[in-house]
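The values are calculated or read from the model by the stated rules, or taken from the named source; none is laboratory data. Quick caveat, the model's predicted, so the values are computed rather than measured. Quick reminder, even Gly has a Cβ in these numbers, built from the backbone with ideal geometry, and neighbours come from all protein chains shown. Quick note on the areas: whole protein, heavy atoms, side chains included, nothing else; ligands and nucleic acids left out. Shrake-Rupley method; radii C 1.70, N 1.55, O 1.52, S 1.80 Å.
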Amino acid sequence: LLQNECNPKILHLRSCRGRKLRVVREHYLRERVPCYSGACQAGCAHADGKLLPADLTHYVVPDVGVVLDYLEILELRELQGVVFTQTACQALQHSKGRRQYNRLRNLLKDPRHDCVLFANEFQEYSYCPREKGESQDTWQSRCVYSAAVWFYNHLAGLMDIVMITEDQEAVTRYSSLNSGVYVISVRDYLQNFWPELRAAHELHASVCQALQEKEGEVRERQYAEHLPPEVLEAGIKSGRYVQGTLNVSKHRAQTEASIMTEGFSNKSTDSWCVLVHGDKHRNRAVHGDVVAVELLPKSEWRGKVTALSEGQGAEPSGEDGRVVGVLQRNWRDFVVTFPPRDGTQPQSRNSQRILAVPWDHRIPKIRISTQQADALQDHRVVVRIDSWESSSLYPNGHSVRVLGRSGELETEVQTILVENCIHAPPFSDAQLRELPVNSPENPWTVDPAQVAQRRDLRESHLVFSIDPQGCEDVDDTLSVRHLAGGTLLELGVHIADVTHFVSEGSLSDLEARSRATTYYLADRRYDMLPAVLSADLCSLLGGVDRYAMSVMWELDARTLAVSRVWYGRTVVRSSYQLHYELAQALLDGDEAAVPELVRLGSEEQEAKRAELVQALETLTHVSRHLRAQRDRGGALELEGLEVRAQLDEEKNITALVPRQPLEVHETVAECMIYANHWVARKIQETFPHQALLRHHPPPRQEFFLQLVDSARARGFTIDTRTNKALADSLDRAADPQDPLVNRLLRMMTTQAMSEALYCSTGAQSLDQFYHYGLALDRYTHFTSPIRRYADVVVHRLLAAAMATKRGVASGKALAGNKGLEETAQHINKKNRAAKRAQKLSTELFQCLYFKERDPQTDRRCVADAVIYSIRDDGVLAFVPEYGVKGPVHLKNREGLVVSVGPDGGCEWQSGSVRRQPDRISTTSGGGTCTFRLFDHVTVRLSVLSSHCHADRLHLELVSDRPLRSAGDQPLPPPSSQGRSQLVQEVVRLAEEAQERAARRPKLSREEREFSQSKTPNLYSLLEEVRELALTDPDMIPQVCASTANCGIKV
């Protein structure tokens, strides 16, 4: 039995009425408090969790001040054996708030970091009561030192203990008291124990510089002070203040922001918008902060800007307010650019204070103190904000690491990752050691014991996959066959059994949960799982045995009604690995070679081909029936912008083309939706309070206003009362003369939709399970566990449901509602980041496509566009050829307007602009020209380069007529031979550049410190295009958007 000693604390307080109160708080001490060390000789009762390694040279115990100011150094995985004391954790919670405290808690829970929490204030021999007159800092240092001494004695002197502190008095006082306990500064610790850990040294220098500058700041107040937390809480409860998330406008970041009061996005059904104008009313809040807002008097409401340019027009839109306090900071890693030195920046003898410009327009400039200001000019640097006092116009921060020179391709891609909080380093050796090996010397094979426990489909079923060409991570396969003499059909969806290889709580599982999804960028992807799983052992490749999780339905062959559903683990061997275009060609009866049949004799080849085509036709018939069922329920067919990269056999980018829809896309998608729906039903019925579903709430009606008004301008009526009414009216809103009208209306519908989100069934009412877009009462994600962690969770739930049905224990206990809801919110957050990163990467490569072209002479820079929205001084247009949307100005900053000549050509003249709901007119000396919704115009695309921000495309009006109405000939097709020669030339130039680099003299310290990696990659090859003379005018070295995006997202 543990012996507890009570150490009471007596507090003398005063009540609100002035009465004196004596409060006694009991503090219990114990002798047996676990140390969580693998070197423990005292037999501590360690609960299941991580232990500090026993083979280290020392353990390090950070002081309170170190934890408060240098936590990001302690987060480096290279630092091992870190012991956080209870004293330091409580000080962090009280001083830095919940966000930093949760950051430390997550660090302690993460088994990838060698750090533990020691409850020193409950250990009888390490507890130090505060002495009378003792300052808090001195008492906290004494507590941490006492814990360090206890650790040394508890481990019987087998492990040296290093206490690190920035308090020089503590170093002087404690450094010579115990031979095995060393007390040194952070700088000395890094220099003596980690001299090669450059990241830690740079981070320490940056933080030290920021702290020194902060101490010397004394200025007059620039902003109103934030109200205390208790005042904010009381005001929010009483309704005086409004709580919400600050959303700064992308296009008017300096002047306009809004507060979303509830929900996950501005499309939520219960959200409410408050506008915040100007920096003063924003009061030091940063985009993404959770703030409290006080509404302004109605006489001060300014409305929302509706023009493309600043100061051109506004209309009433919601209420205006001002920020009175920040409840939760969204201070993350920001990418900034150090501008060129102009001689006006303030500087001191030891440092230079630079106003760095964030890559994100919505973030204010950040003041950085650094000794490397000159070396970092024109570089992208990752920084963190430390503080923003009311006396400062700008926040203060410190640099973390250098990404590279602004404008270099690798730098820009890394910027996108950092800005979206995507951290996807190479998988560690410890993670890879957990996984099986598959090599020519040691090939992986299915386990006979596993085969005995699974349903073997290898000989009985024709299993095949249909994916984008070149896909490596094959999540799903399909099968269909006739049963009972043709009266029944068996439809099977077979999904990679990832959970067989990734056990819950393993390092691979924790890393997959942290990433939550595979991140797809323009030419690369960052896998959620290591390649040995994602592209090999889990991937359902053709001709090899693989484990799967299957859902199989027995359907009536005539009515396709479900008579039986089977869920279970299987062993499959995919007979055909088809891509979409090949599968569609087989369905259409075209001559197309199936790789798996090429080596067979003609007779056998024809028989197997007929069998495959029959299976595809049956599958198409079933999917049409499933789609019709959902259509009757109100399923929506939406439209989005999807541009893909066309590759040759060597995976060189050859074309930038919008995705062409095929019927086989819908066939596969319907089967996946069907499987997701039935698995959702199964896990929700088995675990009504702890199942992971994906729900899609109906959007707010006011978000359909643009859709309704735009359709009305074309003579269509859109009914948005229900999803069924919306789907039917969208089907009717078709212009036979211009199919782009219906496409644009569906794109507007997509923009009006609320966000589909993961949720725990215990956190939502039953009516909230409904999926508005798919018209299904329950829905989840089950079919892509290789690239989505939500599917991994669902696989475990389905396995537990199957075990429950058999009456067998499912092993590890499932997460409760609270834990599952936290997981769902984490996945939702990461999914948003993945979508933003993919979009930004697409825009980056769209800019690359046009950047090296002369917009005045290159015909590829001129394209047809369709007007889809009217603004006060221009229009918004969609360029279907390139999948680009953007503003087209009809009035410029000088006040000139577009004047259209007799031939349709445009020029700038003095005049005026008049806007109406469905059209906009310009009047000048050349007459009046009117632009209506859905009009086709000709635009010129060019790139607006930015030193500190991302490049962006600029659309300029060329003619008020469609591109080819004047007899223009279609553009010639790209020359594949020219592209091949170009790629070869670029590779040659890259190799020559490397040879020249090898002959260069040794680099200076600054060059070594900030240089890019010379490893060849697609980005470095594309960079060489800038130096290459493009002599073939028919050549289109396209770059773009979503090459590796294998699978269908629903």
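The table that follows gives values for the structure above.
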read-out	value
Residue within the stretch 760-772 that is surrounded by 19 or more Cβ atoms within 10 Å (Cβ to Cβ) and among the charged types (D, E, K, R) present	no
Test set (1) open to solvent by 70 Å² or more (accessible area, probe 1.4 Å); (2) at pLDDT 90 or above; (3) under 30 Å from Val382 (Cβ atoms) - Ser910 fails condition number	(3)
Residues that are open to solvent by 50 Å² or more (accessible area, probe 1.4 Å), modelled with pLDDT of 90 or more and under 16 Å from Gly65 (Cβ atoms), drawn from the stretch 178-219	Arg187, Asp188
Filtered residue count, the stretch 650-681, keeping only those that are at pLDDT 90 or above, open to solvent by less than 40 Å² (accessible area, probe 1.4 Å) and not hydrophobic (A, V, I, L, M, F, W, C)	6
Scope the stretch 67-92; condition among the β-branched types (Val, Ile, Thr) and under 31 Å from the mean Cα position of the chain (by Cα); matching residues	Val67, Ile73, Val82
Odd one out for Leu232 among (1) of a type outside the set (Val, Ile, Thr); (2) in contact (Cβ under 8 Å) with a residue 60 or more places away in the chain; (3) within 30 Å of Val400 (Cβ to Cβ)	(3)
Qualifying residue in the stretch 50-62 (condition: modelled with pLDDT of 90 or more and in a helix (DSSP H, G or I))	no
Residue within the stretch 437-453 that is in contact (Cβ under 8 Å) with a residue 12 or more places away in the chain and crowded, with 18+ Cβ neighbours inside 10 Å present	no
When residues of the stretch 123-156 are limited to those that are among the acidic types (Asp, Glu) and surrounded by 15 or more Cβ atoms within 10 Å (Cβ to Cβ), the one farthest from Ser508 (Cα to Cα)	Asp137
Of the criteria (1) polar (S, T, N, Q); (2) out of contact with any Cys (no Cβ under 7 Å at 6 or more places or on another chain); (3) surrounded by 15 or more Cβ atoms within 10 Å (Cβ to Cβ), which one Asn120 fails	(2)
Residue within the stretch 877-898 that is among the acidic types (Asp, Glu), in contact with a Lys or Arg (Cβ under 7 Å, 6 or more places away or on another chain) and either open to solvent by less than 40 Å² (accessible area, probe 1.4 Å) or farther than 13 Å from His954 by Cα (or both) present	no
Residue match in the stretch 683-699 (condition: assigned to a helix (DSSP H, G or I), in contact with a strand residue (DSSP E or B) (Cβ under 8 Å, 6 or more places away or on another chain) and within 23 Å of Val551 (Cα to Cα))	yes
Count - residues of the stretch 788-829 that are within 30 Å of Ala522 (Cβ to Cβ), of a type in the set (Lys, Arg) and buried (at least 20 other Cβ atoms within 10 Å of the Cβ)	1
Qualifying residues in the stretch 929-953 (those that are hydrophobic (A, V, I, L, M, F, W, C) and not in a loop (DSSP other than H, G, I, E, B)) - the one surrounded by the most Cβ atoms within 10 Å (Cβ to Cβ)	Leu941
Of all residues in the stretch 176-199 being in contact (Cβ under 8 Å) with a residue 60 or more places away in the chain and assigned to a loop (DSSP other than H, G, I, E, B), the one that is nearest to Ser399 (Cα to Cα)	Leu197
Selection from the stretch 542-572 of residues that are among the small types (Gly, Ala, Ser) and either open to solvent by 10 Å² or more (accessible area, probe 1.4 Å) or free of Cβ contacts under 8 Å to residues at least 40 places away in the same chain (or both)	Gly542, Gly543, Ala557, Ala561, Ser563
Boolean, Ser391 is open to solvent by 10 Å² or more (accessible area, probe 1.4 Å), under 30 Å from Glu225 (Cβ atoms), part of a loop (DSSP other than H, G, I, E, B) and of a type in the set (Gly, Ala, Ser)	yes
Some residue of the stretch 605-614 being among the basic types (Lys, Arg), under 20 Å from Val463 (Cβ atoms) and free of Cβ contacts under 8 Å to residues at least 60 places away in the same chain	yes
Test: residue in the stretch 4-14 that is in a loop (DSSP other than H, G, I, E, B) and either at pLDDT below 80 or within 27 Å of Leu92 (Cβ to Cβ) (or both)	no
Among (1) closer than 30 Å to Leu521 by Cα; (2) modelled with pLDDT of 95 or more; (3) not acidic (Asp, Glu), the one test that Asn742 misses	(2)
Residue, farthest from the chain's Cα centre (by Cα), within the stretch 582-610, restricted to residues that are over 16 Å from Thr667 (Cβ atoms) and among the polar types (S, T, N, Q)	Ser602
All positions within the stretch 479-512 that are open to solvent by 10 Å² or more (accessible area, probe 1.4 Å), assigned to a loop (DSSP other than H, G, I, E, B), closer than 30 Å to Ala424 by Cβ and in contact (Cβ under 8 Å) with a residue 40 or more places away in the chain	Glu504, Gly505, Ser506
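Conditions tested, residue by residue: (1) open to solvent by less than 80 Å² (accessible area, probe 1.4 Å); (2) in contact with an Asp or Glu (Cβ under 7 Å, 6 or more places away or on another chain).
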| residue | (1), (2) |
| --- | --- |
| Ser574 | yes, no |
| His579 | yes, yes |
| Asp588 | no, no |
| Gln605 | yes, no |
